[in-house]
1. Could you go through the range 61-73 and let me know if any residue there is surrounded by 12 or more Cβ atoms within 10 Å (Cβ to Cβ) and at pLDDT 75 or above.
2. If you take the residues in the range 1-30 that are small (G, A, S) and exposed (fewer than 13 other Cβ atoms within 10 Å of the Cβ), which one is farthest from L81 (Cα to Cα)?
Amino acid sequence: MTDTVSLTIKIDPALKETLKTLALENQLSLSEEVSQRLHASLLNQPHPAIDSPHTAELALPQEEAQEEPTPQLTNSELKQLRTLLKKGKKKK
């Protein structure tokens, strides 16, 4: 098993419920569900970090890149996440 670290984030309550539901459907913990989805999104579309001008583009270690492919989000799931994220931005 690989080492893990804790990460605390703030997200829209509706997005959290969606992720909980998806985790139950996939028989994963919420943490595993979020981790797999983040990992998959970084493999598909690597982006440079935008919060610091001194951060290099994110690159995954070679051994992680050779692991089993993680399930991709469907178009329906992507649309649902985008909708939830937009709702969260409007509240601010």
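1. Yes, the range 61-73 has at least one match.
2. S6
The values are calculated or read from the model by the stated rules, or taken from the named source; none is laboratory data. Note that the coordinates shown come from a computational prediction; the quantities given were computed from them, not determined experimentally. Counting neighbours? That spans all protein chains shown, and the Cβs are built from the backbone with ideal geometry, glycine included.
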